[in-house]
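Here the structure is laid out as structure tokens; the discussion comes afterwards.
The values are calculated or read from the model by the stated rules, or taken from the named source; none is laboratory data. No experiment lies behind these values; they were computed from the predicted model shown. Virtual Cβ from ideal backbone geometry, glycine too; neighbours counted across all protein chains shown. With ligands, DNA and RNA removed, areas are computed over all heavy atoms of the protein, side chains included. Shrake-Rupley method; radii C 1.70, N 1.55, O 1.52, S 1.80 Å.
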Amino acid sequence: MSDYLTYVWRPVTGGRHAFPITATKTPAGVPVMAFCGAKADAGELHDRSEVDWIREDTCMRCWHVLTTRP
């Protein structure tokens, strides 16, 4: 992974959310928070399929938070 990558998009139940890159290294069973405030089990961020990606819509709150960051 790039040293410059600070977030990743992951399809979890309820949308395709942006999470801090550290969330992908968090063990399953531990809650992680998306930029919009949505919470998910870290295990949901791992091993997602293309179908999962297509099925979920992009979270516009995450998008807005990321586009307004300095």
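Observations, loosely collected:
- Subset of region 1-32 (residues that are farther than 15 Å from residue 47 by Cβ, open to solvent by 60 Å² or more (accessible area, probe 1.4 Å) and within 8 Å of the chain's Cα centre (by Cα)): 7
- If you go through region 42-67 and keep only what is open to solvent by 50 Å² or more (accessible area, probe 1.4 Å) and either more than 14 Å from residue 18 (Cα to Cα) or of a type in the set (Lys, Arg) (or both), you end up with 47, 48, 49, 50, 51, 54, 55, 61.
- Out of 70, 11, 27, sole residue that is free of Cβ contacts under 8 Å to residues at least 60 places away in the same chain, in a strand (DSSP E or B) and not charged (D, E, K, R): 11
- For region 46-64, a residue qualifies if it is in a helix (DSSP H, G or I) and either within 13 Å of the chain's Cα centre (by Cα) or closer than 22 Å to residue 30 by Cα (or both), and the qualifying residues are 52, 53, 60, 61, 62, 63.
- Residue 26 vs. criteria in contact with a strand residue (DSSP E or B) (Cβ under 9 Å, 6 or more places away or on another chain) and β-branched (Val, Ile, Thr): yes
- Contact map, region 40-54: residues that are touching a residue at least 24 places away in the same chain (Cβ under 8 Å) paired with residues that are of a type in the set (Ser, Thr, Tyr) and open to solvent by 60 Å² or more (accessible area, probe 1.4 Å), Cβ distance under 8 Å, separation 6+ or inter-chain. Pairs shown: 40/13; 44/13.
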